[in-house]
1. Does residue 7 satisfy the condition of being under 16 Å from residue 63 (Cβ atoms), part of a helix (DSSP H, G or I), hydrophobic (A, V, I, L, M, F, W, C) and open to solvent by less than 100 Å² (accessible area, probe 1.4 Å)?
2. Residue pairs, Cβ under 6 Å, 6 or more apart or interchain, first in the stretch 1-29 and touching a residue at least 12 places away in the same chain (Cβ under 8 Å) and among the hydrophobic types (A, V, I, L, M, F, W, C), second open to solvent by less than 80 Å² (accessible area, probe 1.4 Å) and assigned to a loop (DSSP other than H, G, I, E, B). List them.
3. Somewhere in the stretch 34-42, is a residue of a type outside the set (A, V, I, L, M), surrounded by 15 or more Cβ atoms within 10 Å (Cβ to Cβ) and modelled with pLDDT of 95 or more?
4. Just to be sure I understand, how many residues within the stretch 50-64 are closer than 14 Å to residue 5 by Cβ and either more than 12 Å from the chain's Cα centre (by Cα) or polar (S, T, N, Q) (or both)?
Amino acid sequence: MSKADKMFEELGYKKSLDNKYEIEYYIHDIYFMFDKEDKTIQKRVEFDYKCLAKPITMSELKAINKKVEELGWN
């Protein structure tokens with residue numbers, strides 16, 4: 001488990017997907033998706049079959065930055 005994985009886990013997120021195209025973490029109906037091809041990150045909330053934007057906390061930002069570093073995107 002990487003340091004970023006541990007950081008997300010400490011925030012309550014679980015890794016639900018990790019393949020050559022994407023990595024996804026979730027907690028309840030909130031998802032972080034790292035697209036490895038486009039090098040993009042998305043946080044989404046699924047509610048009544050709609051995706052809503054949600055603010056990113058400072059703790060989440062630290063975990064995101066660590067994952068970006070680990071993926072070599074910076």
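The values are calculated or read from the model by the stated rules, or taken from the named source; none is laboratory data. Keep in mind the model is a prediction, meaning the values are calculated, not measured. Using ideal geometry, Cβ is built from the backbone for each residue, glycine included, and neighbour counts are taken over all protein chains shown. Keep in mind that these areas ignore ligands, DNA and RNA; they rest on the heavy atoms of the full protein, side chains included. Shrake-Rupley method; radii C 1.70, N 1.55, O 1.52, S 1.80 Å.
1. Numbers: under 16 Å from residue 63 (Cβ atoms): yes; part of a helix (DSSP H, G or I): yes; hydrophobic (A, V, I, L, M, F, W, C): yes; open to solvent by less than 100 Å² (accessible area, probe 1.4 Å): yes.
Yes: the conditions hold for residue 7.
2. Cβ pairs passing all conditions: 27/12; 27/13.
3. First, the residues of the stretch 34-42 that are of a type outside the set (A, V, I, L, M): 34-40, 42.
If we keep only those that are surrounded by 15 or more Cβ atoms within 10 Å (Cβ to Cβ) as well, we get 34.
Imposing the further condition that a residue be modelled with pLDDT of 95 or more reduces the set to 34.
Yes; the residues of the stretch 34-42 include at least one that is of a type outside the set (A, V, I, L, M), surrounded by 15 or more Cβ atoms within 10 Å (Cβ to Cβ) and modelled with pLDDT of 95 or more.
4. First, the residues of the stretch 50-64 that are closer than 14 Å to residue 5 by Cβ: 60, 62-64.
Going one step further and asking which of them are either more than 12 Å from the chain's Cα centre (by Cα) or polar (S, T, N, Q) (or both), we end up with none.
Summing the residues that are closer than 14 Å to residue 5 by Cβ and either more than 12 Å from the chain's Cα centre (by Cα) or polar (S, T, N, Q) (or both) in the stretch 50-64 gives 0.
Matching residues to (1) surrounded by 12 or more Cβ atoms within 10 Å (Cβ to Cβ); (2) assigned to a helix (DSSP H, G or I); (3) in contact with a Cys (Cβ under 6 Å, 6 or more places away or on another chain):
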{"site": "23", "(1), (2), (3)": "yes, no, no"}
{"site": "44", "(1), (2), (3)": "yes, no, yes"}
{"site": "61", "(1), (2), (3)": "no, yes, no"}
{"site": "65", "(1), (2), (3)": "yes, yes, no"}
